[in-house]
Amino acid sequence: MNETLQDRLRTLATTAGQAHSRRDPLPVDHIVGRARRSRRIHDTVLLAASGAAVVAVALTGATLAQRDPTPPPAVSPTPVETPTPTPTPTPTEAVTPPVEPTPPPASTPSTLPLKDPLASRWMGDASLSSDVPESGDTLEDGDYFADLLSVDPKARTVEVDITILLTGALADAWVRENDPEDFADGVENGYRIINDVERPRTLPLADDARITMWCTGAPGIQQQEWTFEDWAALPDTGDTTCAPDDATRNRYYWVDVRDGEVAQLVGQFFP
């Protein structure tokens, strides 16, 4: 690179000083020539610098010209859809479904077996007891003993007074405790019918109810079976023979109750 103007002036000053000290004449022409050359160099440097600046400005302008002078459009933020809040369900009272009425349990056939209605229940020797009602309004399944009061053929019902029949040793024990004076001579005929409270009851007969009565005839005491219609048509008093024309209804019966109905009426003979 060429010397700068300041370097040339310093060189000129140094040369002048050296000449003065040697008493040599100052080489004015040389100095002027160098000074002129330095000015030309300076001017050249200035022109070169100016040209370089102009070129730089031009390049910068060209570069800027290549760019889009229009500022980019402002980018609007994409709107974010605000989620719609899910409404909180309003609590409602629980709807209780209607309760269906519980149907009454179906009645089951009684498991209490029926005794043979053609066989006499007691013939004067065994000890037995008829069933005792548990309530005053209804009769549970059981074999009760009753005094027959009346018969209603149309309604197919009987009116009876439930009693308690005790025979043999059971009758002796009851009489000894409850009627000791009467027990002095023993229990008459070996049985006792207890009826502390008279209470007539009207009982329906089952459609297939069986009815038997005792009667006298050869060979002795027998149990005869009757239809309800024929039995209901018999008189209350009369002969006890087994002849149909002379028959009368017995007074005392075993009343076998099953499922709220009379399943059997069995006449009882007493010696």
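The values are calculated or read from the model by the stated rules, or taken from the named source; none is laboratory data. Treat the numbers as computed from the prediction; the structure is a model and nothing was measured. Cβ placement follows ideal geometry from the backbone for every residue including glycine, while neighbour counts extend to all protein chains displayed. With ligands, DNA and RNA removed, areas are computed over all heavy atoms of the protein, side chains included. Shrake-Rupley method; radii C 1.70, N 1.55, O 1.52, S 1.80 Å.
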* To do: Please calculate the 1.4 Å probe accessible area of Asp152, with all protein chains present, and give it to the nearest 10 Å².
  => 70 Å²
* Can you pull the accessible area of Thr202 for me, 1.4 Å probe, Å² to the nearest 10? -> 90 Å²
* Asked: Can you list the residues of region 121-143 with backbone N under 15 Å from a point 7 Å past the Cα of Asp196, pointing along Cα to Cβ?
  -> 132-136
* Check Leu149: other-chain or 5+ apart residues with amide H under 5 Å from its amide H, H built from backbone geometry? -> Glu159, Val160, Asp161
* To do: Step through the residues of region 156-171 one at a time and calculate ³J(HN,Hα) from phi using the Karplus curve (6.51 cos²θ - 1.76 cosθ + 1.60, θ = phi - 60°), rounding each to whole Hz and writing x for Gly and Pro.
  => 6, 9, 10, 10, 9, 10, 6, 10, 10, 9, 10, 9, x, 4, 5, 5
* Structure fact -> Full extension between Ile221 and Asp208 adds, at 0.36 nm per residue less the Cα distance, a length in nm of 2.2 nm
* Please work out the FRET efficiency for the pair Asp239 and Thr111, using the Cβ-Cβ distance as r and a Förster radius of 45 Å; give the result to the nearest 0.05. => 0.70
